[in-house]
Amino acid sequence: MATQRREDLLLGGPGLEEIRLAGALDETLRRLFGRSLRLRQVSAGGCSACEADTNVLGTIGWDLGRFGIQFVASPRHADGLLITGPVTQNMELALRKTWDAVPSPKIVLAVGACAIAGGPFVGHPEVNDGAASVVPVDLYIPGCPPHPLTILDGLLRMLDRLEEHRLPAKP
Ligand code: SF4
């Protein structure tokens, strides 16, 4: 369900066959991040449900680490940011500083309706209506909150590893 352009999340215009799901990162970035991707999570407001469903991916049932994807404590050790929340005014500077601290090249994922466009807080003067108004976003993962499978699907699509990890068909 994830896409690389926010407008591709809109339903109602094109038919299903025209919906553009997220594609893989370009060759250079895939070479850099394809086997090991480290993300710093930034909670930029919101209700915390997006963080909860992201955290689930680290539990034994999902074991995100087996895909080579890990969350790290320092942005200086990260390849990119996973942002949740609409980016409240009091989180804007912190988000900018965290983004600045990630070494280039870096990627940014906006997870959940709030981070995509403000979600239920859209238009409120205390929020920025999503991460893209503060930092450049490479992947939009929809939901309120997104199901952990939706987040995982977006990450693996972006890394071009969806086929590699396809679950075996039931007998
Ligand atoms: S997108 Fe929905 S679930 Fe996620 S932080 Fe915003 S209100 Fe909460």
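Tell me the accessible surface of residue 1 in square angstrom (1.4 angstrom probe, heavy atoms of protein chains only), to the nearest ten.
It works out to around 120 Å².
Leaving out ligands and nucleic acids, note down the accessible area per residue over the chain with a 1.4 angstrom probe, in whole Å².
Using a 1.4 Å probe on heavy atoms only, each residue of the chain averages 53 Å².
Using amide H atoms built in the peptide plane, which far-off residues or other-chain residues are under 5 Å from residue 41 H to H?
Result for residue 41 returns 72, 82.
Taking only the alpha-carbon positions of region 25-158 and ignoring solvent, what does the Debye formula give for the base-10 log of I(q)/I(0) at q = 0.10, 0.14 Å⁻¹?
So the normalised log intensities work out to -0.28, -0.56.
Could you calculate the FRET efficiency of residue 72 with residue 31 from 1/(1 + (r/R0)^6), where r is the beta carbon distance between them and R0 is 22 Å, rounded to 0.05?
My answer for the efficiency is 0.65.
Please sort 55-65, 38-48 by packing, taking for each peptide the average over its residues of neighbouring beta carbons within 10 angstrom, highest first.
On the way: 55-65: 13.4, 38-48: 20.8.
Ranking the peptides 55-65, 38-48 by packing returns 38-48, 55-65.
Per DSSP H run of at least 4 residues, take -39500 (n - 2.57); add these up for the chain, divide by its residues and hand me the 222 nm value, nearest 500 deg cm²/dmol.
Numbers: 5 runs with 43 residues, N = 171.
Rounded to the nearest 500, the figure is -7000 deg cm²/dmol.
Heavy atoms only, probe 1.4 Å: what % of the accessible area of region 25-158 goes to carbon and sulfur, would you let me know?
Of all accessible area on region 25-158, carbon and sulfur atoms account for 55 percent.
Please say if region 107-165 is rounded, prolate or oblate, where rounded means a/c under 1.5 for a ≥ b ≥ c the square roots of the C-alpha gyration tensor eigenvalues, and otherwise the choice is prolate for a/b larger than b/c and oblate otherwise?
Judged from the Cα gyration tensor, region 107-165 comes out oblate (a/c at least 1.5, b/c at or above a/b).
In the chain, once you exclude exposed GluC sites (Glu not before Pro) (DSSP loop, at most 13 other Cβ within 10 angstrom), what's the longest stretch remaining?
It runs 1-125.
For region 28-44 and region 125-153, what is the centre-to-centre distance using only Cα atoms, to the nearest Å?
Value for the Cα centre distance between the two parts: 16 Å.
Can you tell me the mean projection area, over all orientations, of the convex hull of region 5-90's alpha carbons? Units nm², please.
8.2
Quick one: among 35, 66, 76, which has the greatest mean-square fluctuation in a GNM of the chain with alpha-carbon springs under 10 angstrom?
66
The values are calculated or read from the model by the stated rules, or taken from the named source; none is laboratory data. Just so it is clear, the model here is predicted, and its values are computed rather than measured. Virtual Cβ from ideal backbone geometry, glycine too; neighbours counted across all protein chains shown. What goes into the accessible areas is simple: the full protein's heavy atoms, side chains included, and nothing from ligands, DNA or RNA. Shrake-Rupley method; radii C 1.70, N 1.55, O 1.52, S 1.80 Å.
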